[in-house]
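Working notes for the structure below.
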Amino acid sequence: MKVPLKILLVNDDGYTARGLSVLARLMEPFGELTVVAPKVHQSAMSMAVSLGFKKLVYKELPEMGPGNWSYLDATPASCVKFGLEYKYPNRNPDVVISGINHGSNASTAANYSATLGAADEGALNGVRAIGVSSEDFNPFGDLSAVERYFPAIFRFLMDNWPENEYGLMYNVNFPRLPADEIKGIRFARQGRGHWVREFQGWDPERLKRYFVHQGLDVPVFDPPLEEGETAYMMIGDFIDDEKGTDDADHRLTQEGYITITPNTIDRTDFTELSRLKARFPDGLPLSEQN
C-alpha cells in the first residue's frame, strides 16, 4: 500500500458522531483526509440520494479535524457524490471509508444501511470502499476494538484488493466487546434474517426509553394528527433465518468475532442467469398476449 493516500470519510450518524471522529483519528496516519458527512442523522437511507430542487446546505468546518471537514444536509450517498465532485478534481480518492457506525450492519441490516449505501456510492464510481460498524448503539460506547484492530484490517484490505473488480466494497462489523475480549477476525457472508412486528402503535414515551437504553440523545417529535389518521412507529423484532452455525456475519459477531464481508453493487444473480441461459440459449421467443 502506497502512502499517503487520499481518503474520503463519510458516515450516516451525522458529522458530530463520535464514531466519525474516532475513524478520522485512526486514518490520519495513512494520508490526506477529507470528511463530507451528513448534517443530521441519516440511518436506513441505503443509497438514497437527495434529488430534486431541495436546498442542500453545505458548510466548511475548519475547527474540526484531523483533515478537512465539512457537512452537507443530504443523504450519506449524496455526501460521497458531493465529495467526489468538489473535493477531488479527477474524482479520484484512493478509498472511501464510511463509519464508524453506531450499530451493527451485519445480516440484512446491510440492505438498509446508509453507512454501506455511502460505501456503495464510492464503489459505483470505481473507488475502493469500506464500511465500518460497531454493534454498540451507545454514542459513548466502547470502540476500543475498532481502535486496536481496524488500522491493520484496513492495511490488509488495501494491500490485497483485487484488480479490476467492479463494484466491490467491504463491510466490516465489530462485536459489542472491548478489544481484549475479541476472539478473532473472520471472513463472512451476509447473514439471513428479517423483521416482524415492524409497525407498532405510536408510543413516544416508549420510544424515548428505547433511545435512552441505547445511549442515544435523539429528540422525539410528536406532531398532531389530522382527522382520520392513525400513528405508528417502526421498530420491529429481528428473526434469525440462519439454519445452524456457519459463516454468517451476524452469527460470528455474536460469537465475538470481527467480520469482513465482501459486497458488490452488481445485483445480478449469476447462478440464475446461467440456469436461464442453459435452458433457453436463444432467449425467449416473442409472443403476443392472447
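The values are calculated or read from the model by the stated rules, or taken from the named source; none is laboratory data. On a predicted model such as this, the values are computed, not experimentally measured, just so you know. All Cβ positions, glycine included, derive from the backbone under ideal geometry; neighbour counts span all protein chains shown.
Annotations for the structure displayed:
- Selection status of P29, exposed (fewer than 15 other Cβ atoms within 10 Å of the Cβ), touching a helix residue (DSSP H, G or I) at 6+ places or on another chain (Cβ under 8 Å) and within 24 Å of N173 (Cα to Cα): yes
- Figure legend. Inter-residue proximity from region 196-225: first residues over 14 Å from F137 (Cα atoms), second residues part of a loop (DSSP other than H, G, I, E, B) and at pLDDT 85 or above, beta-carbon distance below 7 Å, spacing 6+ or different chains. Indicated pairs: W202/A231; L225/A231.
- Only one of N68, N92 that is surrounded by fewer than 17 Cβ atoms within 10 Å (Cβ to Cβ), in contact (Cβ under 8 Å) with a residue 24 or more places away in the chain and out of contact with any helix residue (DSSP H, G or I) (no Cβ under 9 Å at 6 or more places or on another chain): N68
- Index of the failed condition, V10 passing every other in (1) closer than 14 Å to E121 by Cβ; (2) surrounded by fewer than 22 Cβ atoms within 10 Å (Cβ to Cβ): (2)
- Among the residues of region 145-174, those identified as of a type outside the set (F, W, Y) and loosely packed, with under 14 Cβ neighbours inside 10 Å are A152, R155, D159, N160, P162, E163, N164, E165.
- Test for D142: is it more than 26 Å from E242 (Cβ to Cβ), crowded, with 18+ Cβ neighbours inside 10 Å and over 18 Å from the mean Cα position of the chain (by Cα): no
- Scan of region 1-46 for residues that are of a type in the set (S, T, N, Q) and touching a Ser or Thr at 6+ places or on another chain (Cβ under 7 Å), ordered by number: N11, Q42, S46
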